[in-house]
Structure formats: structure tokens, C-alpha cells
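Structure first, commentary second.
The values are calculated or read from the model by the stated rules, or taken from the named source; none is laboratory data. Everything quoted here is computed from the prediction, not taken from an experiment. Glycine also receives a Cβ, built like all others from the backbone with ideal geometry; neighbour counts cover every protein chain displayed.
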Amino acid sequence: MKIYKPKKWLVVVRVISLFSLMLLLGTTVLDTSYSVNINNVNLNKSLEVAVMEENHENLYVAELYDAEATFTGDLTAYVGDCPLCSGILACHPRTNVLESGIYFNDSEYGQVRIVATSSKYSCGTILRFNVDKIGEEPIIAIAMDRGVGGNNVDLLVDDVNYATKNIGRVKNQTFEVLRYGW
């Protein structure tokens, strides 16, 4: 069986064509500024392909954290083993928080806190809110559980003492919706 190996000049022509097409379409390969020098040894010519510096990642992150909406409600806290709680979240993936803890790894937002909301906010909704009692940094959380009415939000915490001492009931808390559902 003979294995087909393309000629070097054919590979170079294909790479040049690909970069030319990308330049025509305005597509960039990487987010940083660089130039690629493609040498064609057979024709003794080279093509320099320059990619303009556009920081797509920073633009994406800025848009990711722009609030789509805000609402006001009360913030409370709950634990996975509270009375009438099974420890298993209502939203898919139906995670057992008694084993996995109070955080969820979201594909877009990374490690976020888990909250319970009403069905008014679909599973996977990302919220941001500040609670001075908890810390200076805003909390980014994902709606993964149910059982709360209206605009109220219930933050999953490790133990009851923490819930009562550090959170209790925060009235008229402002919540920002960063993403609606999955």
C-alpha cells in the first residue's frame, strides 16, 4: 500500500490560501498581536500575515458580566440537609450537594455559588449580588434549586450556624441577572 504524502509546495500553497481566506473574511486565529512568516522555498518568496490586535477575550468577559436585568427580593440561606431537604438539587444535573458542596462549575462563569429560586427564574440562571455581611466581593451564583417564592433567593451554605449568623434575612437585596437559564 502506497501512502500519499503531499508535496511541500502544495502544503505551503494550502496554508497561504487558508490565511488569505481568513484575511478576506476578517477572521483572526488568535487574540493577540503577532505576525506569521510563511516561506515558500520553491519560489523564494515569503508571505507575512499580520493579525491585528483585538482583545476578543476581554470583550467577551465584559459582555459576560453585563447585567441583562435587575430585581429586588429577600436573600436567605439554606443548607443541603435542612428539614424537608434531600441534598439533591432540583435542576439538572441533579447534584447531591451533601457530597459535592456549595459550589457549581459552570462552563462560562467557572466556580459559582448555588442558589434556590422560584420557577420564575429558569435553571442555570446566573445572578450577581453583594452582601456586606459575607464579603466585599460580589457573589456570582447559579439557580440550581427551587422552593423559594417570588423574587426571593436562597443561598446554599455549609451549615445552619453560618446561615443564621452571617446571612439571616437580607431584605430588599438587589440581584443582577447575568444570564437567563442555560
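Numbers below:
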item: Exclusive hit being part of a loop (DSSP other than H, G, I, E, B) and either within 21 Å of A62 (Cβ to Cβ) or under 23 Å from the mean Cα position of the chain (by Cα) (or both), set R128, R94; result: R94
item: Boolean, T95 is β-branched (V, I, T), surrounded by fewer than 21 Cβ atoms within 10 Å (Cβ to Cβ) and without any contact (Cβ under 8 Å) to a residue 60 or more places away in the chain; result: yes
item: Count of the stretch 166-182 residues which are farther than 14 Å from D132 by Cβ and loosely packed, with under 13 Cβ neighbours inside 10 Å; result: 2
item: Subset of the stretch 80-101 (residues that are touching a helix residue (DSSP H, G or I) at 6+ places or on another chain (Cβ under 9 Å) and modelled with pLDDT of 90 or more); result: G80, G87, I88, L89
item: Single condition D74 does not satisfy, out of (1) modelled with pLDDT under 90; (2) over 24 Å from the mean Cα position of the chain (by Cα); (3) surrounded by 14 or more Cβ atoms within 10 Å (Cβ to Cβ); result: (1)
item: The stretch 103-125: number of residues that are surrounded by fewer than 17 Cβ atoms within 10 Å (Cβ to Cβ) and in a loop (DSSP other than H, G, I, E, B); result: 6
